[in-house]
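The values are calculated or read from the model by the stated rules, or taken from the named source; none is laboratory data. Keep in mind the model is a prediction, meaning the values are calculated, not measured. Cβ placement follows ideal geometry from the backbone for every residue including glycine, while neighbour counts extend to all protein chains displayed. In case anyone asks, the SASA skips ligands and DNA or RNA and just uses the protein heavy atoms, side chains included. Shrake-Rupley method; radii C 1.70, N 1.55, O 1.52, S 1.80 Å.
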Amino acid sequence: MFLHRLHEEGVHATLNLHPASGVQTFEAPYAEMARAMGQTDGKYVPFQITDRKFAENYFDILHHPLEKQGIDFWWLDWQQEAHTDVAGVDPTFWLNYLHFTDQEREGKRPMLFHRWGGLGNHRYQIGFSGDTISKWESLAFQPNFTATAANVGYAYWSHDIGGHMPGAIEPELYLRWLQFGAFSPILRTHTTKNPEAERRVWAYPEPYSDIMEATLRQRAAWIPYIYTEARRTYDTGVAFLRPLYYSWPEQNEAYDAKNEFLFGDNVIVAPVTSPVDSVSGLAQESLWLPQGEWIEQSSGRHLQGGARMTREYSLEQTPVFMRPGTIVPMQPPMLHVGEKAVDPLIVRVAALDDKQQSSYSLYEDSSEGRGYEDAAYTRTELSASREGAVTTLVVHAAKGSYVGMVRSRAIQLELPGDWPPTAVSVNGKRQELVRDPKASGWRFEGNTLTTIVLTDSFSTAHDVTIRVERDPKLVAQSSLLDGFAGKMVDLRRAYAQMNDIWPVNDLVAASQTGDRIGYRPEQALQEVKALPGLITSAQRGVEEFAVREDKDWKVAPKPKDDEDAAAQHRKQAANQVRLKRARAALVAAAKN
């Protein structure tokens, strides 16, 4: 019943195995296993995986009955010894092969979780990197470790997100580990048996909990992209998470940028692996971007590569960079992967350069069975282009088929970091500005300057063309938008600090700029032009408050007793910290 309920909730179940321990006398299948092996001495059945008789009984008696009860896949552990009764056969490698092929024979799509068994073992298991220590140094080691595994074809390292031991972890470190995990092939939290080892994101204090949740939601949204890249890895043998030198082999900097990696052809990720500054609330990262233009996802800044640069990131920001025109297919929120059809299909397109064309081939299949080996899948070509002030997306008819494929769905186009449209059409039909996010039409998200177009449902057997027109005069002033999303992040940080002690009117107004643009997109130019002045006024307002605050403390009544004095001191110290952080956030907003 328990496993049945898990499956109803969309949860797949696994059990952790220590096969090298053999079958102990206290285990339920001991008698049957001992009888099958012809063992009558009453002692445990030793692990002999290279013995054909043992291997057959290992699956038929120990594993297949549990699979019938609802165990979906196996997590093998504790195979550190590298010898068996057959010279040259490593038990880890051999177990990975046996479990993988056993599932193949059952008609399943093989899924196995185990340790690395050596060269060639990349064909079978999703790996885990062992019992890591919950320290910043462990996190800092993992991006390069994961990326360079591509050199031996190993595309699916997973890690104990948050570390394994001692298990207890500070919120900031766990958050940054999750952010790295969100841009890893496999995202998996795990820890040792420690009541203080918390991995439930909702159990952490704010602001960490909200940011952790947003990180997991972003990961879930990117599943169509990640799944497509996994298929590309299967077809080419080249891991989609890989070092930069795969694409820039002649650049020395590509070998030195050990904390950065490609996540597909046009996305670079550089996870934050050090804590934020205690005053500014920002983590400083030294980065190298390859030659050409890159768009920083968290800020909307357009950066020119070819040199090292220093960038700063708040807790909610992950350094992710995209080439102009990069297309990322995404899915709407779900309780779990596969809960429902990907409808609408979300297509996010990074700002295109004029005259640019880009494309991406979305891969979909049933996610079950081995039909993908025999062309039981679909490919949907996504084509984006820009001509002057007009951006066009074509979602081409799906090619191929599989059982359960989506026959019709809506499309949601997202164009971040650009001016609001003057006209939008879908297959030639004009679309209206709407407020309801579930209604077909277009709307504008002001904090990231994102045009969002939601279509009606269309057959996947036909093309869908979305055309977005903008005012050419505004497009000529697109440099005004550079870094706008980052300014909004910084202003909200400053507002959060000052709102606890004293609301500064111009800071409130500045932090709400994106919201106002969302309500009235036609006012975008005026709002964007007014923002630098509001930031300056907000800085002045914060300093004026600091002066008043200092004077107020000097004339404040003397504390009644030591307890009152301590409370006043704590309040004054806390306000000073908030002031410093608000100042730092406003400086960042002015620079962004």
Notebook entry, point to check: How many angstrom separate the Cα center of segment 161-220 from the Cα center of segment 37-95?
Noted result: 33 Å
Note to self: Straight-line reach from Lys43: which aspartates and glutamates fall under 15 Å, measuring Cα to Cα and dropping same-chain residues less than 8 apart?
What the structure shows: Glu27, Glu32
Notebook entry, point to check: Under the Karplus relation 6.51 cos²θ - 1.76 cosθ + 1.60, θ = phi - 60°, what is the ordered set of whole-Hz ³J(HN,Hα) values for segment 366-382, x standing for Gly and Pro?
Noted result: 6, 6, 9, x, 10, x, 4, 6, 10, 6, 8, 6, 10, 10, 10, 7, 10
Next item on the list: Mind listing the long-range amide H neighbours of Asp463? Cut-off is under 5 Å, sequence gap 5 or more, other chains count too, H placed in the peptide plane at 1.01 Å from N.
Entry: Ala397
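To the nearest 20 debye, what is the magnitude of the charge dipole of segment 170-226 about its Cα centre, counting +1 on the Cβ of each Lys and Arg and -1 on the Cβ of each Asp and Glu? Spell out each step's value before the answer.
Working: 7 positive and 7 negative charges, 71 e Å.
Computed charge dipole of segment 170-226: roughly 340 debye.
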Notebook entry, point to check: Near the amide H of Thr422, under 5 Å away, which other amide H atoms are found, from residues 5 or more places off or on another chain, if H is placed in the peptide plane?
Noted result: Glu469, Arg470, Asp471
Notebook entry, point to check: In debye, nearest 20: dipole of segment 257-349 around its Cα centre with unit charges on the Cβ of K, R (+) and D, E (-)?
Noted result: 160 debye
Next item on the list: Hey, can you grab everything whose amide H is under 5 Å from the amide H of Thr189? Only 5+ residues off in sequence or another chain; H modelled, so Pro and N-termini drop out.
Entry: Ile161
Check: Which entries in Lys438/Lys580; Lys529/Lys580; Lys340/Lys399; Lys340/Lys429 show an alpha-carbon gap greater than 30 Å?
Finding: Lys438/Lys580
Note to self: With +1 on the Cβ of every Lys and Arg and -1 on the Cβ of every Asp and Glu, and nothing else charged, how large is the dipole of the chain about its Cα centre, in debye rounded to the nearest 20?
What the structure shows: 1200 debye
Margin query: Along the charge dipole of the chain, pointing to its positive end and built from +1/-1 on Cβ of Lys, Arg, Asp and Glu, which listed residue (His462, Tyr30, Trp442) has its Cα farthest out?
Written below: Trp442
Item checked: Cα-based equivalent ellipsoid of segment 335-391: semi-axis lengths in Å, sorted from largest, via gyration tensor -> 31, 15, 7
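Within segment 386-421, list the trypsin sites (Lys or Arg not before Pro) lying in a DSSP loop whose Cβ has at most 15 other Cβ atoms in a 10 Å radius.
In loop regions of segment 386-421 (DSSP not H, G, I, E or B), the sparsely surrounded trypsin sites (Lys or Arg not before Pro) are Arg407.
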Margin query: Can you work out the Karplus-derived ³J(HN,Hα) for every residue in segment 265-279? Use 6.51 cos²θ - 1.76 cosθ + 1.60 with θ = phi - 60°, whole Hz, and x for glycine or proline.
Written below: 5, 10, 10, 10, 10, 9, x, 6, 10, 9, x, 6, 5, 5, 8
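Considering all alpha-carbon pairs of segment 156-304, what whole percent are spaced by more than 25 angstrom? Please list the in-between numbers first.
On the way: 3971 of 11026 pairs.
Considering segment 156-304, 36 percent of its Cα-Cα pairs are separated by more than 25 Å.
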Next item on the list: Assuming R0 = 30 Å, can you tell me the calculated FRET efficiency for the pair Met1 and Glu104, based on Cβ-Cβ distance, to the nearest 0.05?
Entry: 0.50
Margin query: Please report the spacing between the Cα centers of segment 516-592 and segment 265-342 in Å, no decimals.
Written below: 28 Å
Margin query: Shape verdict for segment 62-192, please, from the Cα gyration tensor: rounded (a/c under 1.5), prolate (a/b greater than b/c) or oblate.
Written below: prolate
Item checked: Sequence-distant lysines (8 or more away, or on other chains) whose Cα lies within less than 21 Å of Lys355 -> Lys473
Notebook entry, point to check: Regarding the chain, what whole-number volume in Å³ per residue does the convex hull of its Cα atoms give?
Noted result: 189 Å³
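Go through segment 18-120 and name the trypsin sites (Lys or Arg not before Pro) that are in a DSSP coil and have 13 or fewer other Cβ atoms within 10 Å of their Cβ. Walk me through the intermediate numbers first.
On the way: sites: Arg35, Lys43, Arg52, Lys53, Lys68, Arg105, Lys108, Arg115; in loops: Lys43, Lys108, Arg115.
Sparse-neighbourhood loop trypsin sites (Lys or Arg not before Pro): Lys43.
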Notebook entry, point to check: Across 5 Å bins from the origin, how do the percents of Cα pairs in segment 440-581 run, short distances first?
Noted result: 2, 8, 14, 15, 12, 10, 9, 8, 6, 5, 4, 3, 2, 1, 1, 0
Notebook entry, point to check: With all protein chains present and a 1.4 Å probe, how do Lys580, Lys355 order by accessible area, largest first?
Noted result: Lys355, Lys580
Next item on the list: Kindly provide the GluC sites (Glu not before Pro) of segment 69-109 that DSSP labels as loop, not H, G, I, E or B, and whose Cβ sees at most 16 other Cβ atoms within 10 Å.
Entry: Glu81, Glu106
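By the gyration tensor of its Cα atoms, with a ≥ b ≥ c the square roots of the eigenvalues, what is the shape of segment 267-391: rounded for a/c under 1.5, prolate for a/b over b/c, or oblate? Don't skip to the end; give the middle numbers.
Numbers: a/c = 2.34, a/b = 1.47, b/c = 1.59.
The shape class here is oblate.
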Margin query: Under the rule a/c < 1.5 gives rounded, and otherwise a/b versus b/c splits prolate from oblate, where does segment 242-316 land using the Cα gyration tensor?
Written below: prolate
Next item on the list: Go through segment 582-587 residue by residue and turn each phi into a ³J(HN,Hα) via Karplus (6.51, -1.76, 1.60, θ = phi - 60°); whole Hz please, and just put x for glycine and proline.
Entry: 5, 4, 4, 5, 5, 4
